[in-house]
Each structure stands twice: as structure tokens, then as C-alpha cells.
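Asker: Before I ask anything, let me first share the structure, which is written out below as C-alpha cells.
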Ligand code: GRF
């Protein structure tokens, strides 16, 4: 476990929220090193919001379509995150590209989870990309968010086999099981402290 008080984090979501649930469950078991202070969705009606409400977490909908530019949308996210005084931000199935205002407000403090072993298969449909490429191993990556999509320093990866008879759905389900282990573990490591050295994220040594 990390030492010190649990850090307030914000989670950005767009969909079903199973990774959010994994974070909620880890926080409830005092295994996250963090408290989920707020959950923000750009999609009204996302099931992730329901999961947050059930856990008693404040939720907000900020619809990206309601803003004249991406930067304006980003600034609205920052304002809401700062209102809840969060130290870190986790993207958990958040389907918008993060822009400058959010990156500047939370430098090296935003994490994302992506269902492939990056740098292979960034962007959309990574499981389909993995199958089409014919790789025998895929998995999940938790990384620090930078301006380039799915390219920031890697915190943690977990691998799964790709089977001959896999479909996009069966591979996605196998990876998702690992995602639910990887994200809480990565958050715990990250809030415990570390350094970005070039492309690498290195955990702080225990004193
Ligand atoms: C996950 O596969 C995550 O890695 C990707 O989007 C999906 C979100 O799923 N970024 P959920 O909303 O957490 O269930």
C-alpha cells in the first residue's frame, strides 16, 4: 500500500464504466491510495454515472457538444475537477481526446487505460487491430496522458494470450478482466509517487 493520506482523484468516463467500478471497489477496500472525489461524463445517461451514484460519488455531465471549441470543453472539465480539488485524473473509457487546457492544468497527472500493449495498436478498435495483425499476445496498458494519443509514459502493462478462435468480443473480454486488475494497481503505484524520465515512468523508491 502507498503511505500517506488518500489523494483525491477525478475520473472521466463516457460509457459503461466497468473500469470505474474497479476503481470504486479498490477505493472502498482502501486499496487505491486515492479517493474518487468526482466522476464526470461527456455522455448523459452513461451507465458509469449510475455506478458512481450507487457508490455515493458526485457526478457531473459536461456534454462536449455544448461548447464552441474543444479547448472550451477542456476548460469546463478543468473547472469541475478543480472545484473538487483533485490531484490526479483517470480516464476510464473517456472517448474524447485530451487537449492543452487539461494537460496544462494536470501536467503528468492524467492516466489512461488502453486495451492493447502499447505502442502497438493505439487509437480505435485496438482488439480488432490486434486480431488483424495476427499477434499472439495482447493486453492492457495504463499510461500517463500526453498530447500524442495513447503514447505517454507507461505505468503498467498486463498481457493476455490471443487465441486462434478469438473474435473481437472474446479478446476484448479477456483483456477487460486484466484491465480491472491493472487500473487500480497502476493508480496505487502512480499516487504513491514517481518520476517521468524521458519516455519512462519510474516509481519512487521506498525511503
Ligand atoms: C476499456 O476497454 C478501456 O480500456 C477503453 O475503453 C473501455 C472502457 O470500458 N479505454 P469501461 O467503460 O471501463 O467498461
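Asker: I want to confirm something. Restricting to the range 83-97 and keeping residues that are within 19 Å of residue 37 (Cβ to Cβ) and touching a helix residue (DSSP H, G or I) at 6+ places or on another chain (Cβ under 7 Å), which single residue is nearest to the ligand (Cβ to nearest atom)?
Answerer: Per the criteria, the residue is 93.
Asker: Still on this structure, I have one more. So how many residues does the range 98-118 have that are within 19 Å of residue 156 (Cβ to Cβ) and within 16 Å of the ligand (Cβ to nearest atom)?
Answerer: So the answer is 9.
Here's the yes/no breakdown for (1) at pLDDT below 95; (2) within 26 Å of residue 99 (Cβ to Cβ); (3) within 12 Å of the ligand (Cβ to nearest atom):
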| residue | (1), (2), (3) |
| --- | --- |
| 145 | no, yes, yes |
| 150 | no, yes, yes |
| 172 | no, no, yes |
| 181 | no, no, no |
| 185 | no, no, no |
| 188 | no, no, no |
| 198 | yes, yes, no |
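Asker: Now for a separate question. Do you know which of the residues in the range 56-82 that are farther than 18 Å from residue 145 by Cβ and crowded, with 17+ Cβ neighbours inside 10 Å is farthest from the ligand (Cβ to nearest atom)? I'd like the intermediate steps shown before the answer.
Answerer: Step one: filter the range 56-82 for residues farther than 18 Å from residue 145 by Cβ, giving 56-61, 63, 65-69, 72, 79.
This time we only want the ones that are crowded, with 17+ Cβ neighbours inside 10 Å, so: 57, 59-60.
Details: 57: 15, 59: 14, 60: 17 Å.
Across the range 56-82, the extreme among qualifying residues is 60.
Asker: Then there's this: Is it true that residue 142 is in contact with a helix residue (DSSP H, G or I) (Cβ under 6 Å, 6 or more places away or on another chain) and closer than 23 Å to residue 195 by Cβ?
Answerer: yes
Asker: Based on what the data block shows, is residue 83 over 19 Å from the mean Cα position of the chain (by Cα) and under 22 Å from residue 187 (Cβ atoms)? Working first, answer last.
Answerer: Working: over 19 Å from the mean Cα position of the chain (by Cα): yes; under 22 Å from residue 187 (Cβ atoms): yes.
Taking the combined requirement at face value, the residue satisfies it.
Asker: Based on this model, can you work out whether residue 117 counts as part of a helix (DSSP H, G or I) and either in contact (Cβ under 8 Å) with a residue 40 or more places away in the chain or within 20 Å of residue 200 (Cα to Cα) (or both)? Explain how you work it out, then say what you get.
Answerer: Values: part of a helix (DSSP H, G or I): no; either in contact (Cβ under 8 Å) with a residue 40 or more places away in the chain or within 20 Å of residue 200 (Cα to Cα) (or both): yes.
It is false that residue 117 is part of a helix (DSSP H, G or I) and either in contact (Cβ under 8 Å) with a residue 40 or more places away in the chain or within 20 Å of residue 200 (Cα to Cα) (or both).
Asker: Next question, about the same structure. Would you list the strands (runs of 3 or more DSSP E) that sit entirely within the range 1-83 and hold 3 or more residues that are in contact with a strand residue (DSSP E or B) (Cβ under 8 Å, 6 or more places away or on another chain) and more than 21 Å from residue 114 (Cα to Cα)?
Answerer: In the range 1-83, 34-41, 59-61 are the strands (runs of 3 or more DSSP E) which contain 3 or more residues that are in contact with a strand residue (DSSP E or B) (Cβ under 8 Å, 6 or more places away or on another chain) and more than 21 Å from residue 114 (Cα to Cα).
Asker: Next question, about the same structure. Would you check which residues across the range 11-35 are buried (at least 22 other Cβ atoms within 10 Å of the Cβ) and within 15 Å of the ligand (Cβ to nearest atom) and list them?
Answerer: Once the filter is applied, which keeps residues that are buried (at least 22 other Cβ atoms within 10 Å of the Cβ) and within 15 Å of the ligand (Cβ to nearest atom), the range 11-35 yields 11, 12, 13, 17, 19, 20, 22, 23, 24.
The values are calculated or read from the model by the stated rules, or taken from the named source; none is laboratory data. Small disclaimer: the values here were computed from a predicted structure and weren't measured. Reconstructed Cβ throughout: ideal geometry from the backbone, glycine too, with neighbour counts over all protein chains shown.
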